[in-house]
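Okay, so here's the structure we're looking at.
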Amino acid sequence: MEHSGYLTFALGKGRLAGNALKLFEQIGITCEEMKEKDTRKLIFVNEELKLKFFLAKGPDVPTYVEYGAADIGIVGKDTILEEGRNIYEVLDLGFGKCRMCICGKESAKELLKHHELIRVATKYPNIAKDYFYNKKHQTVEIIKLNGSIELAPIVGLSEVICDIVETGSTLYENGLVVLEEVCPLSARMVVNQVSMKMEHERISELISNLKRIQNKDR
Ligand code: PRP
């Protein structure tokens with residue numbers, strides 16, 4: 001691992017990164033460089049605070065953090081559960097709230113109840129396996145998809161899906177319902193295990209500043 005004196009943040013691309021930067025601004029952590037529109041730059045530096053930021057695909061954030069290429073990551077709980085990396089999850093950031101659910105047509109309720117051998121389409125095969133095999137003790141066939149998961153029960157690929165529900169409108173507009181809830185989700189801060197020791201002071205100060213902001217907003 002590089003000990004450059006910089007604390008490096010890996011942010012999940014998209015809404016998550018935007019919300020994280022807004023939160024950081026409230027505790028005086030800014031990165032002007034990152035606000036530039038249309039930049040092709042991958043890494044952004046705040047020289048004064050000795051901070052670096054980079055954007056990565058959500059599922060890659062825990063990987064960067066486990067290997068120490070980033071000290072800190074901002075990523076959804078869904079990704080943390082799915083990737084199963086050796087990292088510390090230190091804080092619930094309180095935004096990006098949604099639920100991991102088993103969904104399908106209303107008629108699939110009976111199949112779940114009677115533990116029938118059903119097919120489950122999902123972008124999250126590890127979460128689905130853990131839920132059905134370890135929690136429900138139900139044998140199912142998991143089918144990995146990469147997006148538009150709600151299509152699967154409509155076109156007959158699977159009986160149910162294991163997917164994220166936020167507002168519920170994708171389900172509603174496609175005649176599907178939540179059948180079971182797997183777990184609540186939100187954005188989390190994760191930390192590399194070595195950084196947590198080597199940069200303990202800076203990282204715990206960051207965590208307590210973020211907690212203070214959260215308590216004030218409550
Ligand atoms: C996510 C998720 C659902 C939808 C839920 O998909 O997989 O499809 O959002 O949101 P809602 O409850 O507010 O309708 P995303 O938009 O990330 O794209 P994807 O289908 O390609 O995964």
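Within the range 131-142, if we keep just the residues that are part of a helix (DSSP H, G or I) and touching a residue at least 12 places away in the same chain (Cβ under 8 Å), the residue that is nearest to residue 80 (Cα to Cα) turns out to be 131.
Every residue, every condition in (1) of a type in the set (Asp, Glu); (2) closer than 30 Å to residue 201 by Cβ, yes or no:
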residue: 59; (1), (2): no, no
residue: 75; (1), (2): no, yes
residue: 100; (1), (2): no, no
residue: 103; (1), (2): no, no
residue: 150; (1), (2): yes, no
residue: 153; (1), (2): no, no
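Residue count for the range 145-166 satisfying the condition of being surrounded by 12 or more Cβ atoms within 10 Å (Cβ to Cβ) and more than 6 Å from the ligand (Cβ to nearest atom): 11.
Inspect the range 124-135 for any residue being within 16 Å of the ligand (Cβ to nearest atom), at positive phi and touching a strand residue (DSSP E or B) at 6+ places or on another chain (Cβ under 9 Å) and give the result as yes or no. Among the residues of the range 124-135, not one is within 16 Å of the ligand (Cβ to nearest atom), at positive phi and touching a strand residue (DSSP E or B) at 6+ places or on another chain (Cβ under 9 Å), which makes the answer no. The residues of the range 167-210 that are of a type in the set (Val, Ile, Thr), in contact with a helix residue (DSSP H, G or I) (Cβ under 9 Å, 6 or more places away or on another chain) and within 16 Å of the ligand (Cβ to nearest atom), listed by number, are 177, 178, 182. Would you pick out the residues in the range 154-207 that are outside the structural domain of residue 102 (by TED's automatic domain parsing), in a helix (DSSP H, G or I) and of a type in the set (A, V, I, L, M, F, W, C)? The answer is 194, 196, 198, 203, 206, 207. In the range 1-31, of all residues being in a helix (DSSP H, G or I), of a type outside the set (A, V, I, L, M, F, W, C) and touching a residue at least 12 places away in the same chain (Cβ under 8 Å), the one that is farthest from residue 207 (Cα to Cα) corresponds to 15.
The values are calculated or read from the model by the stated rules, or taken from the named source; none is laboratory data. Note that this is a predicted model, so its numbers are computed, not measured. No Cβ is skipped: glycine too gets one built from the backbone with ideal geometry, and neighbour counts run over all protein chains shown.
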